[in-house]
Amino acid sequence: MEEMITSLSPADTEAAGEALARELLAAGTRRACIALRGEMGVGKTAFVRGFSRALGISGVRSPTYTVVNEYRGDPVPVFHFDLYRIADEDELYAIGFDDYLARDGYILCEWSENGGDMLPAERIVVDIARTLSNENERIITRSNA
Ligand SMILES: Nc1ncnc2c1ncn2[C@@H]1O[C@H](COP(=O)(O)OP(=O)(O)OP(=O)(O)O)[C@@H](O)[C@H]1O
Ligand SMILES: [Mg+2]
């Protein structure tokens, strides 16, 4: 299933993230892996910020240098990964990615392409793309792996 929405502002992109979190919660899902795709500066972190807000988390910042930021969400924790600086799946393994997969929590992963096959096959893919019409416009497409 694929779902597409148009975002015209960072607030719209945050709202799309918030909506996804609310859907997962409503479905009783306590574990999910969400791969965020899209070029640099397109709004992946903005999406995570909105998603996290639905779990009572504020102050989401990019984990580019730390690779992962953990947030104690209510009722589900959020593990925000940025694999931009990860070279391959061995490096991802070395930072303990497996341990996160074994826990309840929502894993949101920027630059998941760098993680190779470490990400579970069952994942939600959120692709964010710019458009030619307006510098603040994004098309957000959500699909299941
Ligand atoms: N519709 C929109 N949705 C999201 N961000 C937008 C939008 N329009 C403009 N922006 C701007 O785009 C930037 C998105 O930054 P953000 O850090 O979320 O991107 P990113 O994809 O996480 O980047 P990186 O690949 O460097 O991690 C912000 O400066 C934001 O203000
Ligand atoms: Mg980012």
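The table that follows gives values for the structure above.
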| quantity | calculated |
| --- | --- |
| Positions within region 40-67 being within 24 Å of I95 (Cα to Cα), more than 11 Å from ligand 2 (Cβ to nearest atom), modelled with pLDDT of 95 or more and more than 10 Å from the chain's Cα centre (by Cα), in sequence order | I57 |
| Failed item in (1) within 17 Å of L119 (Cα to Cα); (2) crowded, with 16+ Cβ neighbours inside 10 Å; (3) away from ligand 2 (no atom under 16 Å from the Cβ); (4) of a type in the set (A, V, I, L, M), with A87 passing the rest | (2) |
| Flag if G17 is touching a helix residue (DSSP H, G or I) at 6+ places or on another chain (Cβ under 6 Å) and more than 20 Å from N114 (Cα to Cα) | yes |
| Hits in region 85-118 (condition: within 16 Å of ligand 1 (Cβ to nearest atom) and at pLDDT below 95) | R85, I86, S112, E113, N114, G115 |
| Where a residue in region 33-44 is closer than 16 Å to T131 by Cβ and among the basic types (K, R) and its partner, wherever it lies, is more than 6 Å from ligand 1 (Cβ to nearest atom) and not in a strand (DSSP E or B), with Cβ under 9 Å and at least six apart | R37/W111; R37/S112; R37/E113 |
| Residues of region 15-52 that turn out to be within 17 Å of F81 (Cα to Cα) and part of a helix (DSSP H, G or I), as a count | 11 |
| Matching residues, region 71-101, being part of a loop (DSSP other than H, G, I, E, B) and farther than 28 Å from A15 by Cα | I86, A87, D88, I95, G96 |
| Residue pairs meeting the criteria (Cβ under 8 Å; at least 6 apart or on separate chains; first more than 15 Å from A26 (Cβ to Cβ), in region 68-79; second surrounded by fewer than 16 Cβ atoms within 10 Å (Cβ to Cβ) and among the acidic types (D, E)) | P77/E70; P77/D104; V78/E70; F79/E70 |
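The values are calculated or read from the model by the stated rules, or taken from the named source; none is laboratory data. Keep in mind that what you see is a predicted model, and the values were worked out from it rather than measured. So basically every Cβ, Gly included, is an ideal-geometry build from the backbone, and we count neighbours across all protein chains shown.
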